[in-house]
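Please read the structure below before turning to the comments.
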Amino acid sequence: MKKPHIKPTDKETVLKDGEFIVSKTDLKSRITYGNAYFISISGYSEEELLGAPHNILRHPDVPRCAFKMLYTLLEAGEEFFGFVKNLKKDGGYYWVFANITPSFDESGKVVGYYSVRRKPREGFKKVIEPLYQKLKEIEDKEGMEASVKAVQDLLAQKNVSFNEFMLGIQKGVINEL
Ligand SMILES: Cc1cc2nc3c(=O)[nH]c(=O)nc-3n(C[C@H](O)[C@H](O)[C@H](O)COP(=O)(O)O)c2cc1C
């Protein structure tokens, strides 16, 4: 299924405590598996999701540089942690704290990707919403290279890696920009 045109609304679905949204993709980020919670929260049927590109859930409020960070880490064989706002089929949205990792075969070759998401910690929006808004503004005016640089500058100023920054927010250790 191709990515449909959906008009985003301000209707938020908050994730349940202790529940995980799980999906797997092939190397081209096409969905090969989704657990029951993934399917139900997205609003799509399993048939619609399987084989679809994972950007079917792409929400316009997430800056492109967040996905650039994701693929830079995955291509280096590393995992990614980050907050992602996802678009439901009905136009509503849900925020997740995502961990995305490469999947390896017995010979160590990357054969796909795997993602597990949980409910973000209370208060994460105070840091992430203004950050993503600022990065989107930079992207709109100056392009993605500039927004990637803005992220790198922020990380250098805080002396943390991208994953440490995101995990810090989820743990409640980082509370401001
Ligand atoms: C395992 C895996 C899970 C992903 N999960 C999401 C997701 O939940 N939401 C999302 O917007 N993108 C997700 N992505 C990234 C998308 O494939 C895509 O790169 C992103 O939505 C940006 O799409 P665009 O380049 O069309 O703007 C995931 C990628 C992988 C490999």
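FYI, it's all coordinate maths here, none of it is from the lab. These numbers come from a predicted model, not from an experiment. All Cβ positions, glycine included, derive from the backbone under ideal geometry; neighbour counts span all protein chains shown.
Helix-only arithmetic for the chain: the sum of -39500 (n - 2.57) across DSSP H runs with n ≥ 4, divided by the residue total, places the mean residue ellipticity at 222 nm at -11500 deg cm²/dmol. Counting every other Cβ atom within 10 Å of each residue's Cβ, HIS59, HIS54 order from fewest to most as HIS59, HIS54. Near ILE6, no amide H atom lies under 5 Å from its own; only residues 5 or more places off or on other chains count, and H is placed 1.01 Å from N.
Can you give the direction-averaged projected area of the convex hull of the alpha-carbon atoms in region 21-121, in nm²?
Projected area, direction-averaged: 6.4 nm².
Computed extension gain for GLU145 through GLU12, at 0.36 nm per residue and net of the alpha carbon distance, reaches 44.8 nm. For the chain, the Kirkwood estimate of hydrodynamic radius, built from reciprocal distances between every pair of different alpha carbons, is 16.8 Å. Relative contact order, whole percent, for region 21-121 stands at 29, derived from Cα pairs under 8 Å and 6 or more residues apart.
Remind me, relative contact order of the chain in percent, using alpha carbon pairs under 8 angstrom and six or more residues apart? Display every interim value, and only then the final one.
Numbers: 300 pairs, mean separation 42.5, N = 177.
Taking the mean separation of contacting Cα pairs over the length of the chain, I get 24 percent.
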